[in-house]
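Participant: Handing you this structure, nothing more for now.
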Amino acid sequence: MSGDHVPWPPEVAARHRAAGHWRGQTFGALLTSLASAYAERTAVVGGDVRWNYTELDERAHRIAAGLADAGLAPGDRVVLQLPNIPEFLPVVFGMWRAGLVPVFALPAHRHSELRYFAAHSEAAAIVTVGEHERHDHAATARAVASDVDSVRRVLVVGSEEFADLAAAEPRELPDPDPEGVAFLQLSGGSTGMPKLIPRTHDDYIYSVRESARICALRPDSVYLAALPVAHNYPLSSPGVLGALHAGAAVVMAPRPDADTAFRLIEAERVTITGVVPPLAAAWVQAAARTERDLSSLEVLLVGGAKCGRELAERIGPALGCRLQQVFGMAEGLVCYTRLDDPEETVLGTQGRPISPDDEVRVVDPDTGADVAPGETGALLTRGPYTIRGYYRAEEHNAAAFTPDGFYRTGDLVRRRPTGHLEVVGRAKEQINRGGEKVAAEEVENHLMAHPGVLDAAVVAVPDPYLGERTCAYVVPAAGASPTGPELRGFVRERGVAAFKVPDLVQVVERFPVTGVGKTSKRELRAALAALARTKE
Ligand code: OOB
């Protein structure tokens with residue numbers, strides 16, 4: 001894999017090791033030590049399943065052996081698409097033990113995204129489920145496998161074939177390099193398809209360990225995985241991995257709605273969970289009329305998109321727990337409000353970085369110079385768990401990172417003297433649909449594949465529930481008159497995640513041009529976004 005990802009410069013890596021951030025441990029070795037420390041304690045619960053740490057560890061060993069027997073070799077990438085089921089954990093740890101590199105697809109992804117992940121990573125296999133939420137994932141995976149030459153195997157969790165694989169005799173497999181790539185996460189993206197984010201064992205375990213500490217996870221904590229667990233936030237902030245790191249129990253919620261979540265909170269005495277703002281708002285509403293006992297809940301993390309002040313103020317009283325804001329990104333940097341922060345900081349900021357060695361710069365987006373303290377600017381960051389480059393994306397990396405290795409987050413922030421950040425907006429061409437990120441350009445490309453479309457520009461429009469929704473402005477080709485429903489259907493049928501199908505479609509005769517007559521996409525989107533705002 002070397003050459004595909006941009007490692008930290010050797011002297012920087014040496015510093016992170018010397019500071020004790022990177023400890024030379026892999027995820028497989030981590031699970032071994034957790035199993036010996038917390039053997040009989042519950043590790044994961046979901047559906048009819050309840051596995052303790054010993055059982056989780058043993059399953060991961062068997063799956064690792066089974067994957068190796070299936071012909072998968074250390075370093076092979078494997079697209080992994082699983083919903084919130086207990087099997088997620090032994091499968092992922094099994095992959096890590098076999099030295100495989102999972103590519104974390106979300107259950108919402110469809111043919112178009114999966115084919116791209118598989119092709120771009122030259123994946124050797126796809127691991128998925130059969131039918132889930134009325135979609136046949138196995139069929140989609142097989143279709144992708146027939147399109148992408150590198151994909152030799154489709155493994156379906158829940159099938160007999162997979163049960164056989166998972167019954168393999170455990171054996172010691174060579175432990176991978178802790179500084180090597182452990183998995184590929186997905187970026188929210190702003191151009192084209194989501195970029196692949198190479199995270200190492202060392203860097204990720206550091207962020208998980210510190211997240212667990214900052215969120216005060218202990219062996220008797222119970223973490224509810226409400227959001228799709230493959231996403232960086234419920235995976236590691238502190239997420240299911242943070243919970244395991246602390247010896248706590250993970251409860252897998254099949255769906256994030258209030259009914260399902262409240263039922264599980266009551267039944268399993270859940271102490272902590274993480275949600276996106278629209279879900280927090282729905283839970284706040286539902287809490288007013290629930291008969292469930294939510295008294296075990298101590299902390300609700302809210303992040304993924306901006307949690308407005310009003311919502312922030314309602315969470316504690318409605319749910320009887322403490323709010324913890326989290327502002328993070330799959331590329332690395334994660335900020336939390338601390339549990340002992342003053343109320344005003346918890347309600348009014350999105351937290352401060354995990355690590356004393358996270359470097360944060362707030363710069364003028366045009367000149368790149370640092371803004372005065374407290375002023376708004378573009379957030380740049382560099383640190384012990386923030387990547388130095390996307391996977392196989394040399395050209396994009398030149399724009400997304402500064403020459404000295406800072407990641408350009410695309411977020412506009414203000415920094416307080418305490419280091420806490422307030423997220424005030426975004427400079428990147430991305431729509432944040434209640435935490436689900438939509439790259440404008442990706443959707444535009446789909447629209448432009450329609451013969452009746454001459455040009456397309458996708459912008460965010462404000463939405464009281466999701467924060468933002470997508471609006472596609474479309475200029476028809478000569479003689480054509482595509483309608484909104486037709487175009488939405490067209491995008492959906494191209495096999496993309498449902499959250500990327502434009503919420504609104506506006507067919508316009510021409511796009512506005514700027515004063516100098518520029519019609520660049522960037523200018524257009526800005527003009528259309530301004531127009532959408534004035535229409536509100
Ligand atoms: C999380 O990760 P991603 O990679 O899906 O999205 C990152 C982007 C950030 O650059 C920012 O634009 C937005 O999501 N974001 C927030 C936010 N948290 C994330 N914007 C405003 N306020 C917040 N609290 O979304 C993610 C990863 C780890 C932990 C939490 C969230």
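The values are calculated or read from the model by the stated rules, or taken from the named source; none is laboratory data. Predicted, not measured: the structure shown is a model, and the values here were computed from it. No Cβ is skipped: glycine too gets one built from the backbone with ideal geometry, and neighbour counts run over all protein chains shown. Heads up: the accessible areas ignore ligands, DNA and RNA and are worked out on the full protein's heavy atoms, side chains in. Shrake-Rupley method; radii C 1.70, N 1.55, O 1.52, S 1.80 Å.
Participant: Out of all DSSP beta bridges in the chain, what portion is antiparallel? Express it as a percent rounded to 5.
Facilitator: Restricted to the chain, the bridges split so that about 60 percent are antiparallel.
Participant: A further question on this structure: Please compute, for the alpha-carbon atoms of segment 279-417, the extent along each of the three principal axes and give them in descending order in Å.
Facilitator: Here the Cα extents, ordered largest to smallest, are 55, 35, 25 Å.
Participant: If you take every DSSP beta bridge fully contained in segment 1-107, what fraction is antiparallel? Give it as a percent rounded to 5.
Facilitator: Antiparallel bridges: around 45 percent, rounded to the nearest 5.
Participant: Just add up the charged neighbours of ILE265: K/R +1, D/E -1, any other residue whose Cβ is under 14 Å from the Cβ of ILE265.
Facilitator: Neighbour charge sum, excluding ILE265 itself: -3.
Participant: HN-Hα J couplings of segment 307-321 from phi, Karplus 6.51/-1.76/1.60, θ = phi - 60°, integer Hz, Gly and Pro as x?
Facilitator: 8, x, 3, 4, 5, 3, 5, 8, 5, x, x, 6, 9, x, 9
Participant: I'd like the Kirkwood hydrodynamic radius of segment 428-536, using the inverse of the mean 1/r over distinct C-alpha pairs, in Å.
Facilitator: 13.9
Participant: Full-extension gain between SER481 and ASP293, please, as 0.36 nm times their residue separation minus the C-alpha to C-alpha distance.
Facilitator: 62.2 nm
Participant: Percent of accessible area on the chain owned by carbon and sulfur, 1.4 Å probe?
Facilitator: 50
Participant: Here is a further query. If packing is taken as the mean number of other Cβ atoms within 10 Å per residue, what is the order of 53-62, 197-206, 504-513, highest first?
Facilitator: The peptides rank, most packed first, as 197-206, 53-62, 504-513.
Participant: Between ARG50 and ARG309, what is the spin-label point distance in nm, taking each point 7 Å from the Cα along the Cα→C-beta axis?
Facilitator: In this crude spin-label approximation the distance works out to 4.6 nm.
Participant: Which FRET efficiency, nearest 0.05, do GLU395 and VAL424 yield, Cβ-Cβ r, R0 22 Å?
Facilitator: Working from the Cβ atoms, E equals 0.15.
Participant: Related question: With Cβ to Cβ distances under 12 Å as the rule, what net charge do the other residues near GLU429 carry (K, R +1; D, E -1)?
Facilitator: +2
Participant: Here is a further query. Going through the cross-link list LYS437/LYS500; LYS428/LYS521; LYS195/LYS500; LYS195/LYS306, which pairs have a Cα-Cα distance over 20 Å in this structure?
Facilitator: In this structure, LYS195/LYS306 lie more than 20 Å apart at Cα.
Participant: Could you work out Rg/(2.2 N^0.38 Å) for segment 1-114, with Rg from alpha carbons only?
Facilitator: Working it through for segment 1-114, the quotient is 1.23.
Participant: Farthest toward the dipole's positive end in segment 394-460, which of HIS420, VAL458, VAL438, given Cβ charges of +1 (Lys, Arg) and -1 (Asp, Glu) about the Cα centre?
Facilitator: Selected residue: HIS420.
Participant: Explain nothing, just compute: Karplus ³J(HN,Hα) = 6.51 cos²θ - 1.76 cosθ + 1.60, θ = phi - 60°, for every residue of segment 279-287 in order, whole Hz, x for Gly and Pro.
Facilitator: 6, 4, 5, 5, 5, 4, 5, 5, 4
Participant: Sticking with this structure for a sec: Run the helix sum for the chain: -39,500 (n - 2.57) per DSSP H stretch of 4+ residues, divided by residue count, reported at 222 nm to the nearest 500 deg cm²/dmol.
Facilitator: One gets -10000 deg cm²/dmol as the mean residue ellipticity at 222 nm.
Participant: Something else: Quick one: dipole size for the chain, taken about the Cα centre, charges +1 on Lys/Arg Cβ and -1 on Asp/Glu Cβ, in debye to the nearest 20.
Facilitator: The calculated dipole for the chain is roughly 840 debye.
Participant: Residues of the chain: accessible area per residue at 1.4 Å, in Å²?
Facilitator: 40
Participant: State the extension gain, in nm to one decimal, for the chain segment bounded by ALA267 and ALA143, taking 0.36 nm per residue of separation less the distance between their alpha-carbons.
Facilitator: Difference between extended and current length: 40.7 nm.
Participant: If amide hydrogens are placed 1.01 Å from N in the peptide plane, which non-local residues have theirs closer than 5 Å to the one on PHE183?
Facilitator: Amide H neighbours of PHE183, under 5 Å, 5+ apart: ARG199.
Participant: Distance from a point 7 Å along Cα→Cβ of ARG15 to each backbone N in segment 370-406: keep the residues under 16 Å and list them by number.
Facilitator: 381-388, 402-406
Participant: Under a Cβ-Cβ cut-off of 10 Å, what is the net charge of the residues other than VAL144 that fall near it, where Lys and Arg count +1 and Asp and Glu count -1?
Facilitator: +1
Participant: Near the amide H of CYS335, under 5 Å away, which other amide H atoms are found, from residues 5 or more places off or on another chain, if H is placed in the peptide plane?
Facilitator: Placed amide hydrogens put PHE327, GLY328 under 5 Å from CYS335.
Participant: Evaluated at 20 °C with a viscosity of 1.002 mPa s, what Stokes-Einstein diffusion coefficient in µm²/s does segment 70-145 have when Rh comes from the Kirkwood expression over alpha-carbon pairs?
Facilitator: 172
Participant: Tell me which residues come under 5 Å, amide H to amide H, from GLU436 once H is placed; ignore anything under 5 positions away on its chain.
Facilitator: The answer is none.
Participant: Using only the alpha-carbon atoms of the chain as identical scatterers, what base-10 log of I(q)/I(0) does the Debye formula give at q = 0.08 Å⁻¹?
Facilitator: -0.50
Participant: So in segment 54-142, what percent of DSSP beta bridges are antiparallel if you round to the nearest 5?
Facilitator: Roughly 20 percent of the beta bridges in segment 54-142 run antiparallel, per DSSP.
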